[in-house]
Amino acid sequence: MPTIVVADEDGASRDALVALLRRLFAQVRVVAVRDLEPDVGAREADVVLARLAVAERFCRAGSPAGAPVVALTHEMSPDTLFRAEALGIAGALRTPVSAEVLVAALGPMLTPGRR
């Protein structure tokens with residue numbers, strides 16, 4: 001079963017996103033964490049979905065091989081996107097993120113055999 005790890009320091013935002021992901025991806029395990037460490041929680045992730053600051057720290061520390069990191073951010077300036085790309089972040093989604101955007105962005109990453 002594919003796994004999405006959701007990392008957000010804001011508990012209410014994290015819980016709302018987890019609930020939405022569970023509705024959208026019924027056959028996917030969704031794990032919520034406050035922060036990410038390369039050795040804890042995200043090792044088994046097929047996709048990591050995190051606030052930009054958390055995603056940046058995670059990528060700098062060395063994200064697990066094969067697990068794309070998708071950043072959530074309200075700031076979509078070219079500088080922000082270039083910085084995320086330079087760190088190896090697979091994509092950035094503007095918050096608040098809609099169900100349609102989540103399905104379009106994460107669906108292909110959760111395809112069996114992708115990893």
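Laboratory data are not the source of any read-out in this text; all were calculated from the coordinates shown. Note that the structure is predicted; figures quoted are calculated from it, not measured. Heads up, the Cβs are rebuilt from the backbone with ideal geometry, glycines too, and the neighbour counts pull from every protein chain shown.
In the stretch 16-33, which residues are assigned to a loop (DSSP other than H, G, I, E, B) and either in contact with an Asp or Glu (Cβ under 6 Å, 6 or more places away or on another chain) or over 28 Å from G62 (Cβ atoms) (or both)?
Passing the criteria: A26, Q27.
From A55, A92, grab the single residue that is under 13 Å from the mean Cα position of the chain (by Cα) and part of a helix (DSSP H, G or I).
Answer to the selection: A55.
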